[in-house]
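The values are calculated or read from the model by the stated rules, or taken from the named source; none is laboratory data. This structure is a prediction, so every number in the text was calculated from the model and none was measured. Cβ: placed from backbone, ideal geometry, glycine included. Neighbour counts: every protein chain shown. For the accessible areas, the whole protein counts, side chains as well, though only heavy atoms, and no ligand, DNA or RNA atoms are used. Shrake-Rupley method; radii C 1.70, N 1.55, O 1.52, S 1.80 Å.
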Amino acid sequence: MKGNSGNHAEINKQDIVDSVPQTGFFGHPKGLLTLFFTEFWERFSYYGMRALLLYYIYDQTVNGGLGFSEATAVAIMSVYGSLVYMSTIIGGWLADRVLGKSKSLFYGGVLIMLGHVALAFPGGATTLFLSMGLIIIGTGMLKPNVSSVVGEMYAENDNRRDAGFSIFYMGINSGAFIAPLIVGSVGQKVDYHLGFSLAAVGMLAGLLVFLFTRKTYLGLAGAAVPNPLTREERGRVLTRLGIGALVLAAIVVGSSLLGWLTIRSFTIAIGVLGVLIPIAYFTVMYRSGKTTEIERSRLLAYIPLFVAAVMFWSIQEQGATILGVYADKRTQLDFMGIRIEPSWFQSANPLFIIVLAPIFAWIWTRLGDRQPSVPVKFSLGLLFAGLSFLVILIPGQFGGGGLVSPLWLVLSYFVVVLGELCLSPVGLSTTTKLAPAAFSAQAMSLWFLAPAAAQAINALISPLYSEANETLYFGIIGGASLVLAVVLFLLAPIIRRAMRGIH
Ligand code: GLU
Ligand code: ASP
């Protein structure tokens, strides 16, 4: 039974490749255009919304904000970011067993758009939480699936595959780059809700591209349901879902009746979940009868890499929360005759990615076999992440008070990107190679659990930040990253051996 479906899937793979026009987009399959622009617009809406949301949450109500404290705002942003990545587990499962990738990503996009539409209306905290719910589920359904359809368009041994993913990565970061400048500017200069409505328009544009080009450009890619639920499984799943929903509802109702359901308690619950879910994933994979001895060794090798990724994303994502507060409160915003909006700083990271990614790719190719191993690259990722926090500590500690030049922030974003380019582009492929074969479908979700855990932890630690303790805050977190970088570097030979032939 299993073997049959395996063969079946293999035949399908070639059929899928054959159904996609193999050229037409920079020498790549035409479907890459569809996926590039769908993801471009989705990331535009996501990062545009996030560039604005932080300020919307803590701005005073007289200015049109929600008037929460800054500490609560960074906690909400982090919990939100964590859940967006956690929900890729649900999105991956839905695509695999019920909807297929293509449908899952399309309906996900619709939910995302509705989430932004909700924020386009002035509705207070309730609308915010509704919008978050829609975007969490929607992104979980879209993000992992749009990336894996990219992979489906290339034949197994097609050497354009890596280049295809690099182009796709440019799409992600181009959307993330222009969004703060457009959504952020309109939101901060004119009106928050008008800004959020532009995010909705962006997602609509992505959906239209997908809808109109899918048939001819994507062929069969993303169409199949790889491992559909059988009839008995359907009954079982529905029962479990029902029970799960009841338990959840009981917890929510019970705890709100008791007065326990607060933003704080919810943050703690997500913090715990963010750490427990990856532990559960690893345990299940490690103990599974389908995991071989070699795969166990690879899995153990993956654990320190995963921990490093969590540390890295913790710092990288604070660029949108803590450094967002820093941009607003601590930075000189009238600069060289220009009035800078704090949201614009969110364009720095993707801009540096776009500029530097080709240079990094060139360096790795030039180095060929002499390029650093994966554990060393991860260690470099942590080194730069740590340094980026030490950079931003300098002006506060040694600048003699007063507002700080925006160039310090820009430098900090630049340094973290050096790390991001060592870690992020290799992360998913490393996960795919080190995850046991029986769990390969979950590799994408597993990799996304790193930023999920990172932001769950951020939700707990970020509220500790204040202007008064800023040196200590950046120093401890940046220092922790440097220490981990050294530990990982020292462990690199052991990790490499445990990877058993995988590079
Ligand atoms: N900035 C990347 C994106 O939005 C991060 C993805 C990741 O966490 O790997 O796609
Ligand atoms: N560099 C991030 C990613 O690759 C984008 C961002 O943080 O704005 O998409």
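To keep it simple, each residue is scored yes or no on (1) open to solvent by less than 40 Å² (accessible area, probe 1.4 Å); (2) under 16 Å from the mean Cα position of the chain (by Cα); (3) away from ligand 2 (no atom under 16 Å from the Cβ).
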{"position": "H116", "(1), (2), (3)": "yes, no, yes"}
{"position": "N145", "(1), (2), (3)": "yes, yes, yes"}
{"position": "G151", "(1), (2), (3)": "yes, no, yes"}
{"position": "I178", "(1), (2), (3)": "no, no, no"}
{"position": "F196", "(1), (2), (3)": "yes, no, yes"}
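Of these, G65, G123, which one is at pLDDT 95 or above and either away from ligand 2 (no atom under 16 Å from the Cβ) or of a type in the set (F, W, Y) (or both)?
G65
P406 passes every criterion in (1) free of Cβ contacts under 8 Å to residues at least 24 places away in the same chain; (2) more than 21 Å from the chain's Cα centre (by Cα) apart from (1).
Checking each residue in the range 296-355 for being charged (D, E, K, R) and open to solvent by less than 20 Å² (accessible area, probe 1.4 Å) picks out E317, E341. Figure legend. Inter-residue proximity from the range 359-375: first residues in contact (Cβ under 8 Å) with a residue 12 or more places away in the chain, second residues of a type in the set (K, R) and part of a helix (DSSP H, G or I), beta-carbon distance below 7 Å, spacing 6+ or different chains. Indicated pairs: S373/R496; P375/R496. When restricted to residues that are of a type in the set (S, T, Y) and open to solvent by 10 Å² or more (accessible area, probe 1.4 Å), the range 30-53 contains 1. Note on the range 302-326: among residues that are assigned to a helix (DSSP H, G or I) and of a type in the set (S, T, N, Q), the one that is nearest to E470 (Cα to Cα) is Q318.
When each of A155, A221 is tested for being crowded, with 21+ Cβ neighbours inside 10 Å, more than 16 Å from ligand 2 (Cβ to nearest atom), outside any helix (DSSP H, G or I) and not charged (D, E, K, R), the lone residue that passes is A221.
One residue stands out in the range 327-351 among those that are under 18 Å from L393 (Cα atoms) and not in a helix (DSSP H, G or I): the one that is farthest from ligand 1 (Cβ to nearest atom), namely Q332.
T267 fulfils the conditions (1) outside any helix (DSSP H, G or I); (2) more than 21 Å from I502 (Cβ to Cβ); (3) hydroxyl-bearing (S, T, Y) except for a single criterion, (1).
Comparison of P451, P493, P425 shows that the only residue that is open to solvent by 60 Å² or more (accessible area, probe 1.4 Å), modelled with pLDDT of 95 or more, under 30 Å from T291 (Cα atoms) and in a helix (DSSP H, G or I) is P493.
Quick check: anything in the range 471-485 open to solvent by less than 10 Å² (accessible area, probe 1.4 Å) and over 30 Å from F266 (Cβ atoms)?
Within the range 471-485, one or more residues are open to solvent by less than 10 Å² (accessible area, probe 1.4 Å) and over 30 Å from F266 (Cβ atoms).
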